[in-house]
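Below is one structure, written out as structure tokens, with a few remarks after it.
None of the figures in this text is laboratory data; all of them are computed from the coordinates on show. A quick note: this is a predicted structure, and the numbers were derived from the prediction, not measured. Backbone-built Cβ (ideal geometry, glycine too); neighbour counts: all protein chains shown.
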Amino acid sequence: MTSIDIKIISTNTTEIPTTVKTLKIENGNFVFNGFAGFARAKFSVLSIKGIKLLKNEDDITTFTIDFANGRYVTIVSSSATYDEISTCISNSAAQQADGEPAKNIKVELVRKSIKALSSIRNELKNRPGVTATLIVLGLLALMILSPTGEVAKPKTLTHQEKIKVCKAYIGALFVKPVNIIEYNRSQNDLIYVRYVRKLDNTTWSYVCDLSGSTISWAGWQKDYKEWGRWRDEDEIPYYYNKANNTVYFTLNRRESRILVQL
């Protein structure tokens, strides 16, 4: 679903700022965006209990989204009909439930491989040599699915860790050394950083959103004196390696992996 213009009428959660201006569904998530103070919120479509149409007339749709934990948000939009919105939600939820999100495919394949190997082992456990063979096959399967031997594990980043990852991300995007990028401030769980370009002594400011397990950015537009849009095309997942306490990610359209020591 492309981004639709919305207005928040009411909500019972502070996680969705009333200043958000757009809504879209991407990668199985509701993404609420707003330019005022960079209000942003993200929720999985699987957390939705239901969507209820309140009014649909004069090309204006009013509806309520109910979440499983009791949260709700009532929205007005003139950019999409109720049928379009509810169909998009249903399709996205079905893909998430049955199609496996892309960044979880490796983990699910490993789980399925282990389950399959366990099943075979139970059937053939009395045959000589089977256990050793299965162990070898299991190791080969895991090596194929994770060539580096690393397993991406979820981690809730601390404030200081988010700053480190944001600096590395912006530095990699704009080919700048991390040591010239300085932390500016935080607001609404977003990290603001900036650097001074030596060529003309100009300051360049950016903001990072590290909600969930992805990173995205937006930049300050000097000519318009306002923040630009979220660059969703550059949004990427990041992973945590517990063994060496690092976060790593790979930028879109680039092959090199960026490592951040926490």
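Numbers below:
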read-out	value
Cα-derived Rg to Rh of the stretch 159-261, Kirkwood definition	0.95
Ascending count of other beta-carbon atoms within 10 Å, so fewest first, for CYS208, CYS88	CYS88, CYS208
Dimensions (Å) - the stretch 156-199, Cα atoms, principal axes, largest first	35, 16, 14
Ranked LEU173, LEU251, criterion: other C-beta atoms within 10 Å, fewest first	LEU251, LEU173
Cβ-derived FRET efficiency at R0 41 Å, THR64 paired with HIS159, nearest 0.05	0.75
LYS49/ARG185 FRET efficiency (R0 45 Å; Cβ-Cβ; nearest 0.05)	0.80
Neighbour-count order for TYR238, TYR248, fewest beta carbons within 10 angstrom listed first	TYR248, TYR238
Gain on full stretching of the segment that runs from ARG257 to VAL178 - 0.36 nm per residue minus C-alpha separation	26.9 nm
Coil-residue trypsin sites (Lys or Arg not before Pro) of the stretch 192-235, DSSP, other Cβ within 10 Å capped at 11	LYS198, LYS222, LYS225
Rough spin-label spacing in nm, given labels placed 7 Å along Cα→Cβ, for LYS198 and ILE236	2.5
Residue pairs, from the table LYS55/LYS225; LYS24/LYS242; LYS21/LYS225; LYS155/LYS198; LYS21/LYS52, whose Cα atoms sit over 27 Å apart	LYS55/LYS225; LYS24/LYS242; LYS155/LYS198
